[in-house]
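What follows is one structure encoded as C-alpha cells, with my remarks underneath.
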C-alpha cells in the first residue's frame, strides 16, 4: 500500500480543509470515519475518492485498495475526527440530487429541517426519516451542515440513502412542495389538532423547527396543516429529534 509520510502532502491538506464547511461546500466532498460507515458507503454506491488508514490497520476496506494510503500514527491522529478512531477515514463525493425527480415521482413524504443547529438532532432525524420510509430531506438555509463529521456519525449511514436538497428561502420551499404535491405540515401551539387527528402517512412535507425557536412564524402561516403533540404536566416541548420521530412514524402506521 502506498504511504503518506509528510503533513504537507496534498491529500493530508485536503482532509484538513474538509474539517471546515466552506471547503466541503466548495469541493463537494466530505469525510467519513470508521469501518461501519465506510462499509455502508460502499454498499449504497457512494463515490469514495480516497481511503486513509493508520499504519498497521488490519480491518476491512475490500475493493478500495487502489485508492488507499497508509499514514503513521502521528499523522493519522492529526486527521482523525474521533478520540478513539478505528483507524480508517475516507473522502467521499457529495451526491448530486436533482429536485425535479421528486416533483415527477408521486407519493412519499419529505422532512424539512428549518434552521436546526444540533448535529446529533440532525443526524438522528435523517436516520429516523430513512427508517420511516421518507423520500427526501429538505434542508433550509440556516441549518447546520448535514455533511459535518458529527452529523455524518449521528446519521449512521442514512446519508448514503436519504436524498438531501437545499433551499435558500421559504418561497423556494413553498414552490417546490406545491409542485411535488405535498401538504406542508407544521407543529405549533396555536391549533386544536393533535398529530393523530390527521393523516400523516403520505404526500406531506413535515417541518421540524429550530431547537430554541421552533418553526418560523411565516412558515407556520404558510402551512397547510398545523398539529401538536400532547404534553402532560409542565412540559412545553420535546427534543426536536424525539418529536420528529413521533410524527414521522405515523407514515408506517398500519
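Structural remarks
- Taking the range 27-61 as the range and being in a strand (DSSP E or B) and surrounded by fewer than 16 Cβ atoms within 10 Å (Cβ to Cβ) as the test, only 49 passes.
- Breaking point among (1) free of Cβ contacts under 8 Å to residues at least 24 places away in the same chain; (2) in a helix (DSSP H, G or I); (3) more than 19 Å from residue 58 (Cα to Cα), for residue 74: (3)
- Taking the criterion of being buried (at least 16 other Cβ atoms within 10 Å of the Cβ) and part of a loop (DSSP other than H, G, I, E, B), the residues of the range 212-236 that qualify are 215, 216, 223.
- Candidates 165, 185: the one that is under 16 Å from the mean Cα position of the chain (by Cα), outside any loop (DSSP other than H, G, I, E, B) and either in the same structural domain as residue 122 (by TED's automatic domain parsing) or crowded, with 20+ Cβ neighbours inside 10 Å (or both) is 165.
- Meets criteria (part of a helix (DSSP H, G or I), in contact with a strand residue (DSSP E or B) (Cβ under 7 Å, 6 or more places away or on another chain) and not assigned by TED's automatic domain parsing to the domain that holds residue 185) for residue 24: yes
- Applying the set (1) in a loop (DSSP other than H, G, I, E, B); (2) modelled with pLDDT of 95 or more; (3) surrounded by fewer than 19 Cβ atoms within 10 Å (Cβ to Cβ); (4) within 19 Å of the chain's Cα centre (by Cα) to residue 8 leaves exactly one unmet item: (4).
- Among the numbered conditions (1) assigned to a helix (DSSP H, G or I); (2) within 19 Å of residue 99 (Cα to Cα); (3) touching a strand residue (DSSP E or B) at 6+ places or on another chain (Cβ under 7 Å), the only one that residue 205 does not meet is (1).
- For the range 130-151, a residue qualifies if it is in contact with a helix residue (DSSP H, G or I) (Cβ under 6 Å, 6 or more places away or on another chain) and part of a helix (DSSP H, G or I), and the qualifying residues are 130, 150, 151.
- Exactly one residue among 136, 116 is over 21 Å from residue 18 (Cβ atoms) and in contact (Cβ under 8 Å) with a residue 60 or more places away in the chain, and that residue is 116.
- From the options 97, 88, residue that is closer than 30 Å to residue 66 by Cα and surrounded by fewer than 20 Cβ atoms within 10 Å (Cβ to Cβ): 97
- Taken residue by residue, the range 90-99 has no member that is modelled with pLDDT of 95 or more, over 22 Å from residue 39 (Cα atoms) and under 20 Å from the mean Cα position of the chain (by Cα).
The values are calculated or read from the model by the stated rules, or taken from the named source; none is laboratory data. The shown structure was predicted, so the numbers you read here are calculated from the model rather than taken from an experiment. Positions of Cβ are generated from backbone atoms using ideal geometry, with glycine treated the same way; all protein chains shown enter the neighbour counts.
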